[in-house]
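The values are calculated or read from the model by the stated rules, or taken from the named source; none is laboratory data. Given the structure is predicted, the values throughout are model-derived calculations rather than measurements. Neighbour counts run over all protein chains shown; Cβ positions are idealised from the backbone, glycine included. Only protein heavy atoms, including side chains, enter the accessible area calculation; ligands, DNA and RNA are left aside. Shrake-Rupley method; radii C 1.70, N 1.55, O 1.52, S 1.80 Å.
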Amino acid sequence: MKKYKDIVLHGNEACALGALAAGMRFFAGYPITPSTEIAEFLSVELPKIGGTFIQMEDEISSMGAIIGASLAGVKSMTATSGPGFSLMQENLGFASMAEIPCVLVNVMRGGPSTGMPTRPSQGDVMQSRWGTHGPHPIIVLSPQSVLECYTLTIHAFNLAEKYRSPVIMLMDGLVGHMWENVQLPEKIEVIDRPEPSVPPDWYNPYDDLPGGEIVPLVPFGDGYRYHVTGMVHDKSGFPTLVHEEVEQCLDKLIYKIKNNLHDIIRIEEYMLEDADICIVAHGSVARSAREAVNIARSEGLKVGLLRPITLWPFPRFHLENISKRVKLFVVPEMNYGQVYGEVLKSCPKRAVRVTRVDGELITPAQIMEKIEGTAL
Amino acid sequence: MIHTSETMYKYLRPDKTFPHVWCPGCGIGIVMGALVRAIERTGFTKDEIVLVSGIGCSGRMSTYLDFNTLHTTHGRALSFATGIKLANPKLNIIVVMGDGDATAIGGNHLIHSCRRNIDLTALIVNNNIYGMTGGQYSPTTPMEHKASTAQYGSIEKPFDICKLVEACGASFVARSTTYHAKMLDALLYRAIDKKGFSVVEAMSQCPVQYGRRNKKGSPVDMMMWFKNNSISNPAFKKIPSGEVGEQFPVGILVDLDEPDYLERYRQIVKKAGDDRL
Ligand SMILES: Cc1ncc(C[n+]2csc(CCOP(=O)(O)OP(=O)(O)O)c2C)c(N)n1
Ligand code: SF4
């Protein structure tokens, strides 16, 4: 493979490279703009390193195939955009329920429906959290730059393995299609699936271990025979309707994430220490927001930025803490206010939104206008 | 000679998952017995087999057998199986689906698995109805037959599963019935052994949801119907098409030797120039 050190890269390409660096060796997908370059790039690179690329017949089967590959012990990924993401939801829920590590990249485009195929959007924030049915946890990451497309994809695989969970890389079409000069880090941390610590006869793939430790998922064929199902299951994996076992199964899904928020949640703060106004923005919008902070500061306004890198679980506690200090939250988004709703839920302070759904970017000036037009 | 009861016990998970969910007189148990005998004959260890299933009465088979088992989403079993096979080609993968599972919601995956010629064995248990959801019509419910959503009789032309998968390029296509349980296990053995995508259609009686509504009599009557209307494939071919009626061919219908998906993928790897070499 080419060496990618100091080089001009495309967001989607960086995401694919990050996946390879994390050890991803199985990709299944179905073409859709603006995510297609990920599949195209991997169809060239994966065969070179003994990995597998397959173009499936649709997104439903792509999601199924990456779950199968992960169960066979290979780190796996798929990539899609809006409509394809909707099709993946049922099997995404399966991955959540059966606790199968895998990574799903959604390069968002304007919706609803076929929407605006070539225009960026942030319309799938809620779909990424609640698109599938039933109570389930999910981890969702949002990069703002080409470099982060690389580093966060690696992080996504690490979280997937660590928490035996599907992880979503939620990129807006702008981040996916952006070209930037990047220095890829020489050293990265890669988490691989741990070996089981018990012999096959004692192995319960869904055991509730003391201290919340997560049982390693042993690849099919390694001598640990077990059953995997999307049905509510007992600790050995078989369907159950026994009250205590149902509770144990569902609670465990939620708590393995909830008890590790400090490890999972990443945020970035910019000039927030003395801020009266906090902008909350993620993805490409966070870049405009940062510029807005600079402009505001030059005008003597105390504005700062909170950027959730982990969108889900949502960084509630950070917001609650900040809300004790600031007078106003400004939430610019390429939708009618999905993160805005979470901000309102998280803190009693006043929050206003800056919305845009026409496929155009939110500019620093647009954010400034809101800041200046809102009486504190 | 393999005795069913001894072999069955070897492969069941008696302490975990019984009693099973199937109705008295259901044919799925007979199909499961045939599958177990076929696997026994292949000599593969339990760890070398992965049993993947969809959702439905037939899909529950994966719960009861002691292999690496995966009970997927409705219609999508072949997709999951494709991922497993490509990630670990050493595993022998058998995919059990119902007729609705395989040809309605999963129809797209079925035809593309054939075309791709991926090395999997698909066992389609055809009971002509959606059993688990209470007897709605499926793509194999015969015209004019009744179902809970076709109280006036079905007006949709049914699929012939074997013809469908043959047209899509499956390497091995065979059909048997619960009456011909021994033939079924021989066909399954051949299918598992076969490289490439194999499909075995097992016609099975659903006395509760299909038989009762369509006055097909007892489970035994339904099996006798299979006996009286089935005909070996060579003999079937000699019948003039206008005289076929309800008769259907059983046995091996297609047996091709073509490179499977993985063989072709290895060519891609060569072309791409494996960096590790
Ligand atoms: C996406 C989805 N749609 C519908 C269902 C409900 N459902 C469960 S089983 C089934 C049909 C089963 O019929 P078939 O595949 O013929 O298998 P059988 O039960 O007859 O063996 C349906 C429609 C489901 N589980 N998932
Ligand atoms: S409903 Fe039909 S197919 Fe399902 S278990 Fe009962 S008899 Fe068998």
Within segment A:78-90, is even one residue buried (at least 20 other Cβ atoms within 10 Å of the Cβ) and either part of a loop (DSSP other than H, G, I, E, B) or facing chain B (nearest Cβ under 8 Å) (or both)? yes
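Just checking, does segment A:104-122 include any residue being part of a loop (DSSP other than H, G, I, E, B), within 14 Å of chain B (Cβ to nearest Cβ) and at pLDDT 95 or above? Quick ask: steps written out before the conclusion?
We begin by selecting, within segment A:104-122, every residue part of a loop (DSSP other than H, G, I, E, B); these are A:111-115, A:121-122.
Now restrict to residues that are within 14 Å of chain B (Cβ to nearest Cβ): none.
There is no residue in segment A:104-122 that is part of a loop (DSSP other than H, G, I, E, B), within 14 Å of chain B (Cβ to nearest Cβ) and at pLDDT 95 or above.
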Do you know which residues across segment A:367-376 are free of Cβ contacts under 8 Å to residues at least 60 places away in the same chain and open to solvent by less than 70 Å² (accessible area, probe 1.4 Å)? A:Gly373, A:Thr374
Residue satisfying all of: in segment B:11-23; away from ligand 1 (no atom under 14 Å from the Cβ) and touching a residue at least 24 places away in the same chain (Cβ under 8 Å); farthest from the other protein chains (Cβ to nearest Cβ) among these: B:Leu12
Name the residue, out of B:Ala122, B:Ala81, B:Ala77, that is away from ligand 2 (no atom under 16 Å from the Cβ) and within 7 Å of chain A (Cβ to nearest Cβ). B:Ala81
Of all residues being part of a helix (DSSP H, G or I) and surrounded by 16 or more Cβ atoms within 10 Å (Cβ to Cβ) in segment A:215-249, which is nearest to the other protein chains (Cβ to nearest Cβ)? Just the residue, please. A:Glu245
Test for A:Lys252: is it open to solvent by 80 Å² or more (accessible area, probe 1.4 Å), more than 14 Å from chain B (Cβ to nearest Cβ) and under 30 Å from A:Leu141 (Cβ atoms): no
Among strands (runs of 3 or more DSSP E) completely within segment A:280-365, the ones holding 3 or more residues that are over 19 Å from the mean Cα position of the chain (by Cα) are A:303-308, A:328-333, A:350-355
Could you count how many residues in segment A:34-75 are of a type in the set (Lys, Arg) and at the interface with chain B (Cβ under 8 Å from one of its Cβ atoms)? 1
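Conditions (1) open to solvent by less than 40 Å² (accessible area, probe 1.4 Å); (2) touching a Pro at 6+ places or on another chain (Cβ under 7 Å), marked per residue:
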position	(1), (2)
B:Ser198	yes, no
B:Ala202	yes, no
B:Gln205	yes, yes
B:Met222	yes, yes
B:Lys237	no, no
B:Pro240	no, no
B:Gly251	yes, no
B:Glu258	no, no
B:Ile268	no, yes
Which condition breaks for B:Ile28 when tested against (1) open to solvent by 10 Å² or more (accessible area, probe 1.4 Å); (2) within 14 Å of ligand 1 (Cβ to nearest atom); (3) of a type in the set (A, V, I, L, M, F, W, C)? (1)
Residues in segment B:8-24: is at least one surrounded by fewer than 24 Cβ atoms within 10 Å (Cβ to Cβ), assigned to a helix (DSSP H, G or I) and within 16 Å of ligand 2 (Cβ to nearest atom)? yes
B:Ser154 passes all but one of the listed conditions (1) in contact with a Phe, Trp or Tyr (Cβ under 6 Å, 6 or more places away or on another chain); (2) of a type in the set (S, T, N, Q); (3) near ligand 1 (Cβ under 9 Å from one of its atoms); the exception is number (3)
Residue under evaluation B:Asn214, criteria (1) open to solvent by less than 70 Å² (accessible area, probe 1.4 Å); (2) within 30 Å of B:Pro89 (Cβ to Cβ); (3) not in a helix (DSSP H, G or I), criterion not met: (2)
With the condition kept exactly as written, say whether any residue in segment B:140-148 is near ligand 1 (Cβ under 10 Å from one of its atoms), farther than 26 Å from B:Ala186 by Cα and not in a strand (DSSP E or B). yes
